[in-house]
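The structure under discussion appears below in the form of structure tokens.
What follows is calculated from the coordinates using simple rules that are stated; it is not laboratory data. Just so we're clear, the structure is a prediction, and the values are computed from it rather than from any experiment. Note that each Cβ is placed from the backbone with ideal geometry, even for glycine, and that neighbours are counted across all protein chains shown.
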Amino acid sequence: MAIPENLIQKWTKIFNYRDTDNDGVVRETDFEGYTRHFIQIYGPKAEPVLEINKILWGTMTAKEYKPEITLPEFLDNYTYLWTQDRCGLEEKLKRYTNLCFDAIDTNGDGGISLAEYSVYQNSFGITNHDYIEHIFKQIDVDDNGVISREEFVGEVLEFVLSEDKEAIPDMYDHHKAKTFRK
Ligand SMILES: [Ca+2]
Ligand SMILES: [Ca+2]
Ligand SMILES: [Ca+2]
């Protein structure tokens, strides 16, 4: 089954977003470091994310366990999952995004404000406020100034799994994160 070109482009962005040192390889240790950093920012509330991230690593390497993967391997694995086990992949991503939502919503009011979303982006070195606001506004589908759980989980899943060209194209775009201006 041929994979739509725009899905391949989005998955490539996800890989590059994870390959923070740009050497063409994502390692499980990088992945864990990223999650530990998340826990440092958000405390015990974020600890379940470490567990689900281990499961997600299993997803990224799909067919057999590997401590590191390259872009072609990653695309191959996601192609396999997208065609053979899309429901399983969707289920894991849903658990992951729900746990992330709980952590990012630091005041626990059930919504992510722009300030809370900025803390989240800043914690991964993304400090371009124009970019952060640009993505925030697109995830806030009903435009009420707050990202609800449904909006957050829905938009991330749409980015990863949907062929829909309307899915937020800049969400995991490291280049745009640096260069985007209003
Ligand atoms: Ca790397
Ligand atoms: Ca909140
Ligand atoms: Ca909203």
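With the simple spin-label model, which puts each label point 7 Å out from Cα in the Cβ direction, the Glu91 to Gln9 separation comes to 3.2 nm. Working note: 222 nm ellipticity from helices only, DSSP H runs with n ≥ 4, each -39,500 (n - 2.57), summed and divided by the residues of the chain, gives -20500 deg cm²/dmol to the nearest 500. In order along the stretch 161-171, the phi-based Karplus estimate (6.51 cos²θ - 1.76 cosθ + 1.60, θ = phi - 60°) of 3J(HN,Hα) comes to 10, 8, 7, 4, 5, 7, 4, 3, x, 9, 4 Hz; Gly and Pro are listed as x. For the chain, the relative contact order is 25 percent, taking Cα pairs closer than 8 Å that sit 6 or more residues apart in sequence and dividing their mean separation by the residue count.
Overall, the chain carries a charge dipole of about 320 debye about its Cα centre when +1 sits on the Cβ of Lys and Arg and -1 on the Cβ of Asp and Glu, all other atoms neutral.
Bridgeable aspartates and glutamates around Lys45 (alpha carbons under 14 Å apart, same-chain partners fewer than 8 residues away excluded): Asp102, Asp105.
What residue among Thr70, Ile55, Leu161 has its Cα farthest toward the positive end of the dipole of the chain, where the charges are +1 on Lys, Arg and -1 on Asp, Glu, each on the Cβ? The residue sitting farthest along the positive end of the dipole is Thr70.
Specify, per residue and in Å³, the volume enclosed by the convex hull of the alpha carbon atoms belonging to the chain.
Taking only Cα atoms, the chain has a hull volume of 114 Å³ per residue.
State which stretch of the chain is the longest one without any exposed GluC sites (Glu not before Pro), exposure meaning a DSSP loop state and at most 13 other Cβ atoms within 10 Å.
Between exposed loop sites, the widest span is 65-162.
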